[in-house]
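Written below as structure tokens is the structure these notes are about.
Bear in mind that the values in this text are calculations on the coordinates, not laboratory data. Computed from a prediction, not measured in an experiment: that's the story for all the values here. Backbone-built Cβ (ideal geometry, glycine too); neighbour counts: all protein chains shown.
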Amino acid sequence: MDEKQFWIGLTLVRGIGAVRLQSLIDHFGDAKSAWQGAPDELRAAGLGTKVIERLLEVRKSVDLEKLWDKITAQGIQILTWDDELYPPRLKEIEQPPPVLYVRGEILPEDHFAVAIVGTRKITSYGRQVTEELSAFLAANGVTVVSGLARGVDAVAHSAAIKAGGRTVAVLGSGVDRIYPPENRAIAEQMMSRGALVSDYPVGTAPESTNFPPRNRIISGLSLAVVVIEAGETSGALITAEFAAEQGREVFAVPGSILAPQSKGTNKLIQNGALPLLSPQDLLQALNLTRVGAQKAARKILPADEVEAQLLNALGDEPLHVDEIRNQTGLPVEKVSAALVMMELKGMVRQVGGMNYVAVREVQSGYSV
């Protein structure tokens, strides 16, 4: 049996989330051993009586092999924390989802992603802004992330596809339960130009309580969240709140003070969100003006031991190239050449005067 089957089984148990699953794996060593653990061992791993009872019940009632066959027959991919393709930006958030169900494909290039969210009651102004921004991002190699809802979400996905770009939808249901039904055509197109993603098991219905929690994944996958239009109680504001908590940039499109759909966005700006006045401002603020070159460099020039040494030497404080050379013991010409390529890849950034800092989403090591 595939180890991922046991990850799925454990996450089907109500009460086992990211924290408890990590404790189980730490205690047992792997998901299979945790799934098969005796009650005493489960208790020693930190599970309470009720959660143990639920786990034993799920073990009796669920045939993991049949469930796995059902999942794979639908072309659904399972990503766990242990997978190389699990989105690294999402893994950085507090309590990232242990299991992701994916229809389509998440690619390394989706690391460059921006979320576009907003009201279901989109105005003509909101539609125009969403279409232009989404198409602009797609044309510049930035993946558009949203929630496949009516209104802003659907327009953002559709515009990215029409522009020939990539787009990812995070669902508040199982990836086999497309909601709303009128967006099925968009969802089908997305599976060849991106992915449908959910942490809810297959078959999960689109209950209203599922949507607010999934918003943390929308923001978690993204460098920034842009709220196009939002009323005072819009779910898009929840996404913006998650983004702020996760250290993502939050942008809001200003609108008329008389328009209900702009009350939420204008309030976000009042509370510190960056006003989005042009798509170019977004790329500039996020240092995404050279995404195409960065992607090409990542594919053509993999990291090596020299890059690893330089990343270990660099941090958040600017370091002069001479000091980098002193710390690494590498010849200055090798340091200079490597730094040029690392800046192109988006691994480091020059902050003036031959001083460099590391870009924090890139971890020290041989993989980019």
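Exposure proxy shown here: for H157, H111, the number of other Cβ atoms within 10 Å sets the order, fewest to most, as H111, H157.
Label sites at Q327 and N287, each approximated as a point 7 angstrom past Cα along Cα to Cβ, lie 1.5 nm apart.
Listed by chain and number, the lysines placed with their C-alpha closer than 23 angstrom to that of K66 are K4, K32; residues fewer than eight positions away on the same chain are left out. Over the range 24-157, what relative contact order in percent results from Cα pairs under 8 Å that are six or more residues apart? Reported relative contact order: 16 percent. Annotation for R349 and Q270: the two label points, set 7 Å from Cα along the Cα-Cβ direction, are 3.1 nm apart.
With only Cα atoms counted, the range 1-71 has Rg and Dmax values of 11.2, 33 Å. Note on the chain: dipole from Cβ charges, positive end direction compared against L79, Q327, I228; the farthest Cα belongs to I228. Modelled spin-label separation between D316 and K50, with each label point placed 7 Å from Cα along the Cα-to-Cβ direction: 3.9 nm. In plain terms, the residue of H320, H27 with the fewest other Cβ atoms within 10 Å comes first and the most crowded comes last, giving H320, H27. Most simply put, the chain has about 40% antiparallel DSSP beta bridges, counting only bridges with both residues inside it. Fully extended, how many nm does the chain gain between K70 and M1 (0.36 nm per residue separation, minus their Cα-Cα distance)? Length gained, K70 through M1: 23.4 nm. For the residues A285, A163, A236, a GNM of the chain with alpha-carbon springs under 10 Å puts the largest fluctuation on A285.
Please get the size of the charge dipole for the range 108-285, origin at its Cα centre, with Cβ charges of +1 on Lys and Arg and -1 on Asp and Glu, quoted in debye to the nearest 20.
Numbers: 14 positive and 16 negative charges, 56 e Å.
I would put it at about 260 debye.
Annotation: aspartates and glutamates with alpha-carbon distance below 18 angstrom to K334 (same-chain offsets under eight excluded): D304, E305, E307, D322, E323, E343. A convex hull fitted to the Cα coordinates of the chain yields 154 cubic angstrom per residue.
For every other residue with a beta carbon closer than 14 angstrom to the beta carbon of V168, add +1 if it is Lys or Arg and -1 if Asp or Glu, then tell me the sum.
On the way: positive: R89, R103, R166, R193, R214; negative: E105, E109, D110, D153, D199.
Surrounding charge for V168 is 0.
Look at the alpha carbon pairs under 8 Å that are at least 6 residues apart: their mean separation over the length of the range 1-71 gives a relative contact order of 39 percent. Counting every other Cβ atom within 10 Å of each residue's Cβ, S219, S278 order from fewest to most as S278, S219.
Working out 0.36 nm times the residue gap between A38 and E245, then minus their Cα-Cα distance, what length gain in nm do you get to one decimal? Provide the component values of the computation, followed by the final result.
Details: separation 207, 0.36 × 207 = 74.52 nm, distance 3.79 nm.
So the extension gain works out to 70.7 nm.
So what is the diffusion coefficient of the range 108-285 in µm² per second by Stokes-Einstein at 10 °C and 1.306 mPa s, using a Kirkwood Rh over Cα pairs? It comes out at roughly 102 µm²/s.
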